[in-house]
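The next block holds one structure in the form of structure tokens; read it before the comments.
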Amino acid sequence: MKKILVCCGSSMITSTLALNKIKNFMAQEHIDVQFVQCKFSEVPARVVAEHPDVIVPTGMLNESAAGGVPIVKGTCFITGIGADQALRQIKEVLTK
């Protein structure tokens with residue numbers, strides 16, 4: 001099963017908004033995924049523990065924290081601008 005790590009500053013509000021939008025899209029596309037939420041500061045440890053296929057931060061995330069895992073910027077899920085493109089990018093990463 002594919003895994004998406006969604007992160008934000010507090011691991012609650014913006015990551016939950018993004019997660020719900022991604023979850024709905026994945027269900028429509030019939031892609032079975034598991035979600036993990038965390039704070040930006042927890043990303044390095046979560047990458048090691050969870051082995052996500054893609055990371056979706058809702059703000060600025062230092063690329064070194066991702067440990068080589070692809071990042072798709074998730075700010076668009078909060079602003080509404082560019083969300084369709086980000087969803088396509090996430091799908092592309094997951095279906096390689």
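The values are calculated or read from the model by the stated rules, or taken from the named source; none is laboratory data. Keep in mind the model is a prediction, meaning the values are calculated, not measured. Cβ coordinates were reconstructed from backbone atoms using ideal geometry, including for glycine residues, and neighbour counts include every protein chain displayed. Note: areas computed on protein heavy atoms with side chains; ligands, DNA, RNA excluded. Shrake-Rupley method; radii C 1.70, N 1.55, O 1.52, S 1.80 Å.
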Filtered residues of the range 29-38 (kept if open to solvent by less than 60 Å² (accessible area, probe 1.4 Å) and more than 16 Å from Val72 (Cα to Cα)): Ile31
Complete set of residues in the range 30-45 that are touching a Cys at 6+ places or on another chain (Cβ under 6 Å) and among the aromatic types (Phe, Trp, Tyr): Phe40
Pick from the range 9-28, criterion in contact with a Ser or Thr (Cβ under 9 Å, 6 or more places away or on another chain) and touching a residue at least 60 places away in the same chain (Cβ under 8 Å), ranking: most open to solvent (accessible area, probe 1.4 Å): Leu17
Subset tally (residues that are under 14 Å from Leu5 (Cα atoms) and among the β-branched types (Val, Ile, Thr)) for the range 17-35: 2
Residues (under 20 Å from Glu29 (Cα atoms), part of a loop (DSSP other than H, G, I, E, B) and free of Cβ contacts under 8 Å to residues at least 24 places away in the same chain) located in the range 81-96: Gly82, Lys96
Complete set of residues in the range 46-73 that are surrounded by 18 or more Cβ atoms within 10 Å (Cβ to Cβ) and more than 17 Å from Gln34 (Cα to Cα): Thr58, Leu61, Ala65, Ala66
